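Enquirer: This is the structure I want to talk about, given as structure tokens.
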Amino acid sequence: MRRIAILTGGGDCPGLNAVIRAVVKTAQRHHLEVIGIRDGFRGAVEGDFFLLDEAAISGILPRGGTILGTTNRDNPFAFNRVLEDGGKITADRSADVLRNMREQQIDVLVAIGGDGSLRIALQFWRLGLPVVGIPKTIDNDLMCTDQTFGFQTALSVAQEALDRLHTTAESHHRMMVLEVMGRNAGWIALYAGIAGGADVILIPEIPYDIGKVVDAVEERKRQGKRFSIAVVAEAAKPLHGEVVVAQIIKDRPEPVRLGGIGAKFSVDFEALTGIETRVTVLGHLQRGGSPVAEDRILSSRYGVAAVEAVLRGEFGMMVALQGRDIVCAPMADAVAQTKLVTPADAILSVARNLGICFGDG
């Protein structure tokens, strides 16, 4: 091994720069060069490579985002190109990626990403390119790992928002609703709701009966509690209802943009109760800013473990947190399905024992 290439794919996430820094520092100790690829797999297609040295990573540990840049649109196996007349054509450009890797004398690719980016990385491994994956997503929805980096920072942003909403809710005797990200998984909503003292948590895995939510809030009023706080995951949906979609954009890997369930729930709840209800949508605030200490440490552990996996020749694998240990798990298993909240999950049991309503009675 002489040269490692590294890229970041998918949405940005607090802790990406900490991972990049850890990979470079660990590689240097083993006399390996690290080549950065700009803008995810687009840079791999277009050959946008540069040397990641000590100067490049200086001071990046606390920075959010990624110094490499990223994209969630450019799949080399279905790469879109805009024509002069404004039309688009889609082509398989995977051969260009493999050629660029050979020309740059890249021995192995370290791919940092969520399920979409790691699926692409897995395809390249099956074509013969040595690959090691690092799990990244604020949604915490990747299999084979207890936690992805970025999750704790997103959680802290949501928890702080709930702390601030409490004062307004109590002062005005309102129902305050916080809509959070998470795609089809309810981890951010569940953990933030517990940490922020929410009275209601609505997650995609448990379709809610708004009547049950009304009953829970009315019971709080009988106990003398004149306000309530609800955390709503962006893919939460009412019983027998549908997920609320903010926008559909064709020709994208993820054409459906979620959003709006917080507003729907607020309107429905206020109409049934007469309680003034306001909604706050955190959106991309959860992705931005400096990573919290736990994400910096986890990112650093992942970066070190990825280089160690390279040195051991453990390709087609993803570094993962299991218990207190960092292990290697097959990427194929990690992206086989989405990690969702299950009825048997211990943290869900904690929330129920705290009296939090999930709208399911």
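Nothing in this text is a laboratory measurement; each read-out follows from the coordinates by a stated rule. Not measured: the values here are computed from a predicted model. Cβ coordinates were reconstructed from backbone atoms using ideal geometry, including for glycine residues, and neighbour counts include every protein chain displayed.
Enquirer: Let me spell out the model: positive unit charges on the Cβ of Lys and Arg, negative unit charges on the Cβ of Asp and Glu, origin at the Cα centre of the chain. What dipole size does that give, in debye rounded to 20? Write down the numbers at each step before the final one.
Expert: Details: 39 positive and 43 negative charges, 76 e Å.
The dipole magnitude comes to about 360 debye.
Enquirer: Quick one: compute a quarter of the convex hull surface over the Cα atoms of region 249-351 and quote it in nm². Could you put the intermediate results ahead of the total?
Expert: Working: hull surface 45.2 nm².
One quarter of the hull surface, i.e. the mean projection, equals 11.3 nm².
Enquirer: Classify region 226-304 from the C-alpha gyration tensor, please: rounded if a/c falls under 1.5, else prolate or oblate depending on whether a/b exceeds b/c.
Expert: Numbers: a/c = 2.97, a/b = 1.52, b/c = 1.95.
Judged from the Cα gyration tensor, region 226-304 comes out oblate (a/c at least 1.5, b/c at or above a/b).
Enquirer: In region 204-361, what is the count of Lys pairs whose alpha carbons are under 27 Å apart, counting only pairs at least 8 residues apart or on separate chains?
Expert: 15
Enquirer: I need the per residue convex hull volume for region 35-144, using only the alpha carbons, in cubic angstrom as a whole number.
Expert: Working: hull volume 15.1 nm³, N = 110.
Spelled out: Cα convex hull of region 35-144, divided by residues, is 138 Å³.
Enquirer: Now, a different point. Within region 289-351, report the trypsin sites (Lys or Arg not before Pro) that DSSP leaves as loop and that have at most 15 other Cβ atoms within 10 Å. Walk me through the numbers before you get to the answer.
Expert: Numbers: sites: 296, 301, 312, 324, 339; in loops: 324, 339.
Listed in order of number, the matching sites are 324.
Enquirer: Right, next: Among 272, 331, 297, flag the residue with its Cα farthest along the positive direction of the charge dipole of region 211-361, charges on Cβ as +1 for Lys/Arg and -1 for Asp/Glu.
Expert: 272
Enquirer: Is any residue of region 256-281 close enough, with backbone N under 20 Å, to a label point placed 7 angstrom from the Cα of residue 170 along the Cα-Cβ axis, and if so, which?
Expert: The answer is 276-280.
Enquirer: At most 14 other C-beta atoms within 10 Å and a DSSP loop state: those are the exposed GluC sites (Glu not before Pro) I care about. Give me the longest piece of the chain that has none. Can you show the working numbers first?
Expert: Working: sites that count: 84, 242, 276.
Looking at the chain, 85-241 is the longest stretch - no exposed GluC sites (Glu not before Pro) with at most 14 other Cβ atoms within 10 Å.
Enquirer: Computed from these coordinates, which is Cα extents along the principal axes in Å: [x] 71, 51, 34; [y] 57, 51, 41; [z] 56, 54, 37?
Expert: [x]
Enquirer: Between Rg and the Kirkwood Rh of region 1-91, both from Cα atoms, what is the Rg to Rh ratio?
Expert: Working: Rg = 15.0 Å, Rh = 14.2 Å.
Answer for region 1-91: 1.06.
Enquirer: With point charges of +1 on the Cβ of Lys and Arg and -1 on the Cβ of Asp and Glu, referenced to the Cα centre of the chain, which listed residue (202, 317, 246) lies farthest in the positive direction of the dipole?
Expert: 317
Enquirer: So how much slack lies between residue 56 and residue 221, counting 0.36 nm per residue of separation and subtracting their Cα-Cα distance, in nm?
Expert: Working: separation 165, 0.36 × 165 = 59.40 nm, distance 5.68 nm.
Using 0.36 nm per residue and subtracting the Cα-Cα distance, I get 53.7 nm.
Enquirer: Just rank 331, 318, fewest to most, by other beta-carbon atoms within 10 angstrom.
Expert: Details: 331 27, 318 31.
Result, fewest neighbours first: 331, 318.
Enquirer: Tally Lys and Arg at +1 and Asp and Glu at -1 over the other residues with C-beta under 14 Å from the C-beta of residue 135: what net charge comes out?
Expert: Details: positive: 119, 136, 301, 339; negative: 115, 139, 141, 146, 295, 333.
Result for the local shell: -2.
Enquirer: Placing unit charges on C-beta atoms (Lys and Arg positive, Asp and Glu negative, everything else neutral), compute the dipole magnitude of region 264-329 about its Cα centre in debye, rounded to 20. Provide the component values of the computation, followed by the final result.
Expert: Values: 7 positive and 8 negative charges, 36 e Å.
Rounded to the nearest 20 debye, it is 180 debye.
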